[in-house]
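Have a look at the structure below before the remarks.
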Amino acid sequence: MKTIKTTCLLVLILCLTVNFAEAQKLYRVHQDNVKPSMVSEYEKIAKEFNAACVEHNLQASWITATTSDLKYMYVTPMEKFAELDERPFAAMAEAMGNKFTELFEKFDACYDSHGSYIIGLNEKLSYMPEGISQTTEGENYRDYFFIYYTPANAKKIREGMMAVKELFVAKASKNYYRIYHSGFGTMESYYMVAMSSKDEIDSATKSVKNKDVLGPDRFETFDKVMKYASRTAESTGKMRPDLAYSPKKE
């Protein structure tokens, strides 16, 4: 049993090393899958929570995104895995007493499932020639494309993603995107493509223009990714500055 446990631990470490080898930035994501009937109540509580964070000058920060299927994602930057042992809410919880517990009990009534995981922003595969940023000024609308793959196809999928970027570079595409990949806490391997726009109309307009820019070469290039994908998924969403948080500057 000891040998088996040691082997499993080594495999986990290897997987994490491979997954994050190219990721320049790590992010911890807390995701709440909110019930449709509780969206209004959830947002009310979320804003109450943000106000409490401001009042107690919580020393943590996150950006917030919501999706069309009612996922609320709180994204916090990480420098290292050791940060998972930290308890940023401890002082705030002590100061608030029962009010802190009551606040999260109200949160719990708004969803049937929630959890946390880690993703990595892969700058080598991302295409933002003017500089990579998660929050683009004036562009809070998001298109999310998930490309799932099996471990056996990891290398081929990565090569395909790089070929897509090279095509965008060669054609000087104006349709920018960021690539995130799955990490610790996710049960499947995937790349997530995030694209920013002003709104749904702007997104559709960009997509149509980009097809003309890339031309017929796009079919063969995209196929280098799709033929190794086990499945795909799409969703839309938007950034929520009103639910984001950062502490006061000293």
(request) Specify the longest stretch of the chain that does not include any exposed loop site, a site being one of the trypsin sites (Lys or Arg not before Pro) with a non-H, G, I, E, B DSSP assignment and at most 14 other Cβ atoms within 10 Å. (result) 81-173
(message) What number comes out for accessible area per residue over the range 143-250 if the probe is 1.4 Å? Units Å², please.
(response) 58
(message) As an exercise, identify the chymotrypsin sites (Phe, Trp or Tyr not before Pro) in the range 34-114 lying in DSSP coil whose Cβ has no more than 16 other Cβ atoms within 10 Å.
(response) Phe89
(message) Taking 0.36 nm per residue of sequence separation and subtracting the Cα-Cα distance, how much length would be gained by fully extending the chain between Met96 and Ser37, in nm to one decimal?
(response) 18.4 nm
(request) For the range 184-250, build the convex hull from the C-alpha positions and give me its volume per residue in Å³. (result) 183
(message) Once neighbouring chains are kept in place and the probe is 1.4 Å, which whole percent of the accessible area of the range 44-85 is contributed by carbon and sulfur?
(response) 55
(message) Once each part is reduced to its C-alpha centroid, what is the distance from the range 170-194 to the range 44-90 in angstrom?
(response) 22
(request) Please find the FRET efficiency linking Arg87 to Asn153, where r is the Cβ-Cβ separation and R0 is fixed at 25 Å, and quote it to the nearest 0.05. (result) 0.05
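The values are calculated or read from the model by the stated rules, or taken from the named source; none is laboratory data. Since this is a predicted model, take the numbers as computed values, not measurements. Cβ coordinates were reconstructed from backbone atoms using ideal geometry, including for glycine residues, and neighbour counts include every protein chain displayed. Heads up: the accessible areas ignore ligands, DNA and RNA and are worked out on the full protein's heavy atoms, side chains in. Shrake-Rupley method; radii C 1.70, N 1.55, O 1.52, S 1.80 Å.
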